[in-house]
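Take a look at the structure set out below.
No lab work stands behind these numbers, since they all come straight from the coordinates. Small disclaimer: the values here were computed from a predicted structure and weren't measured. Reconstructed Cβ throughout: ideal geometry from the backbone, glycine too, with neighbour counts over all protein chains shown.
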Amino acid sequence: MQNKVVVIGFGNVGTSYVFSLLFEASKVDEVVIIDTNKEKAEGEVMDLEHCLFLSKSKIKIRVGEYHDVSDAKIVIITAGFRQKANESRIALKDKNTEIVKNITRDVMKEGFKGIFIIATNPVDLMSKVVFKEANIEASKVIGTGTYLDTIRLRYLISEKLNVDIENIHAYVLGEHGDTSFIPYNNIKIGPLSIKNFLNYKELKEIDKKVKSLAYDIIKKKGFTNFGIGVCLVKITKAILENSNTVATVSCYNKENDIFISQLAIINKNGIQKIFKLELNKKDQELLNKSINFLKNE
């Protein structure tokens, strides 16, 4: 059986995802695009097809319809209104809820039995919308959550310390938004605590920059797309390669009936396991703040 991925919404994020996928060694055989602007989607596909020779990818790309999800392994939802300059992600809730609800209903009508990956903001709330509308196992709904925030955090620490990003173990948890937080005590450089390298003030400066980066990028270019596109590729590969990849993604918190970014293992089953990090009193308070914020939205 072929590994088919369906992308619903082919704007900046969707196109960046497919472009990035072409230059990654993956097990994806076919990508089907569904978009309300079919003509533009066809143009994007034509443009992307010209990359296939240079990328040496064997992926088939085409524009399709909802019936194409029936045998897909993954459906990726990127459709919806995007965040504007100085606008919080949560402000998109009302506009994007109906869009995501309708997409999920249309997908499930076709008998989809695979895994959803959601990138539409506010991603924690939209992941819950998909979960409730699809009425499937929570493990099969994955929001991109703070995956990109975590990559940004590691990048900034890497730049600051001149250390390979692969040796930096640091995480952004909670809401993918203004209540996200970084548990400083869990940051490691190799096996060593971050306290051996950076003081509290320096960590706070990095923390502040991580939270402002998306706003800064949107202010300058109007949207973010490349980073989240690559994160979508990594989640796709984790599922299709059954790699048990550890990542901070938005997954279901049954106790509070919300989706929130937690440290999780991703494999062919979707969310295989969620880790419970040991948090100090301050970090637990920050997590509770994020949980309460999402519960009240």
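Summary table
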| item | result |
| --- | --- |
| Extension gain, Ser243 back to Lys209 (0.36 nm per residue minus Cα-Cα distance, nm) | 9.1 nm |
| For segment 239-247, Karplus couplings with θ = phi - 60° (6.51, -1.76, 1.60), whole Hz, Gly/Pro x | 6, 6, 9, 6, 8, 6, 6, 9, 8 |
| Cβ-based charge dipole, segment 4-145, positive-most Cα from Phe53, Val100, Ser16 | Val100 |
| Prolate/oblate/rounded call for segment 193-245, Cα gyration tensor, a/c under 1.5 rounded | oblate |
| Contact order relative to length of the chain, as percent, for alpha carbon pairs under 8 angstrom and 6 or more apart | 19 |
| Debye, to nearest 20: dipole size of the chain, +1 on Lys, Arg Cβ, -1 on Asp, Glu Cβ | 580 |
| Distance in nm between pseudo-label sites at His169 and Glu39 (7 Å out along the Cβ direction from Cα) | 5.4 |
| Net lengthening on full extension, Arg105/Asn135 (0.36 nm per residue, minus Cα-Cα) | 9.8 nm |
| Residue order, fewest to most beta carbons within 10 Å, for Phe23, Phe131 | Phe23, Phe131 |
| Cross-link table Lys73/Lys93; Lys195/Lys295; Lys195/Lys254; Lys128/Lys268; Lys208/Lys268; Lys188/Lys295, entries beyond 25 Å C-alpha to C-alpha | Lys73/Lys93; Lys195/Lys295; Lys195/Lys254; Lys208/Lys268; Lys188/Lys295 |
| Between segment 189-250 and segment 89-112, the alpha-carbon center distance in angstrom | 26 |
| For Gly145, distant residues with modelled amide H under 5 Å away | Ser250 |
| Footprinting exposure proxy for Phe275, Phe112, Phe259, Phe53 (fewest neighbouring C-beta atoms within 10 Å first) | Phe53, Phe275, Phe112, Phe259 |
| Sorted by Cβ density within 10 Å, fewest first, the residues Asp164, Asp106, Asp68 | Asp164, Asp106, Asp68 |
| Cα shape, segment 46-111, gyration tensor, a/c 1.5 rule | oblate |
